[in-house]
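A single structure is presented below for examination.
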Amino acid sequence: QVQLVESGGGLVQAGGSLRLACAASGTIFSINTMGWYRQAPGKQRGLVATITSGSNTNYADSVKGRFTISRDNAKHTVYLQMNSLKPEDTGVYYCRWYDQRSNYWGQGTQVTVSS
C-alpha cells in the first residue's frame, strides 16, 4: 500500500504561481513514476506531468514552458511548480504514484485561477 498526501493548492490570480507537493509513504519500490493529473468541472481527468524515478519527465502540451515537475527520491515527494497560471488551469489536481504492479491516487487538491 502507498499513501499519497497532497498540499499546496489554493486560489491565485491569472499570471500567478503555485507549488504543489505530494508525499508518498508506505511500501515504495525504487522504480516508479509519480505525476500530476487534473480534472476541471465537467471534464475528464487528464495528464498534467509525470516524472520517473530516473527523472524522465513528460508534460501535457498545454503546460509546457509554464509548469515544472520535480521529485525528491529520498523524501518520496513530487512537486509541481506552476507559473503563469491561466483560468483554464483551474481544477482538482491529483497526485498519482504507480509502478509495474500498483497504481495509487491522492485525494486531490483544488487549484483555482481567477481572471
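I'd like the trypsin sites (Lys or Arg not before Pro) in the stretch 6-115 restricted to DSSP loop residues with at most 16 other Cβ atoms within 10 Å, sorted by number. Walk me through the numbers on the way to the answer.
Values: sites: ARG19, ARG38, LYS43, ARG45, LYS64, ARG66, ARG71, LYS75, ARG96, ARG101; in loops: LYS43, ARG45, LYS64, ARG66, LYS75, ARG101.
Hits after loop and neighbour filter: LYS43, ARG45, LYS64, ARG66, LYS75, ARG101.
Okay, moving on. How much accessible area per residue does the stretch 5-115 have, counting only protein heavy atoms and a probe of 1.4 Å, in square angstrom?
On the way: 5870 Å² over 111 residues.
Accessible area per residue: 53 Å².
Indicate the gyration tensor shape class of the stretch 1-61 (rounded, prolate or oblate), computed on the Cα atoms with a ≥ b ≥ c the square roots of the eigenvalues: a/c under 1.5 is rounded; otherwise a/b larger than b/c is prolate and the rest oblate.
Working: a/c = 1.81, a/b = 1.59, b/c = 1.14.
Verdict is prolate for the stretch 1-61.
Shifting gears a bit: Over the stretch 15-78, what relative contact order in percent results from Cα pairs under 8 Å that are six or more residues apart?
Across the stretch 15-78, relative contact order equals 32 percent.
Right, something else. In the chain, carbon and sulfur make up what percent of the accessible area (probe 1.4 Å)? Can you show the working numbers first?
Numbers: 2880 of 6120 Å².
Carbon and sulfur: 47 percent of the exposed surface of the chain.
Still on this structure, please answer the following. Stokes-Einstein D for the chain at 10 °C, 1.306 mPa s, Kirkwood Rh over Cα pairs, in µm²/s? Don't skip to the end; give the middle numbers.
Working: Rh = 14.0 Å.
Stokes-Einstein gives a translational diffusion coefficient of 113 µm²/s.
The values are calculated or read from the model by the stated rules, or taken from the named source; none is laboratory data. Being a predicted model, the structure only gives us computed values, none of them experimental. Don't worry about glycine lacking a Cβ; one is built from the backbone with ideal geometry, like all the others, and counts go over all protein chains shown. Note: accessible area is taken over every heavy atom of the protein model, side chains too, but ligands, DNA and RNA are not part of it. Shrake-Rupley method; radii C 1.70, N 1.55, O 1.52, S 1.80 Å.
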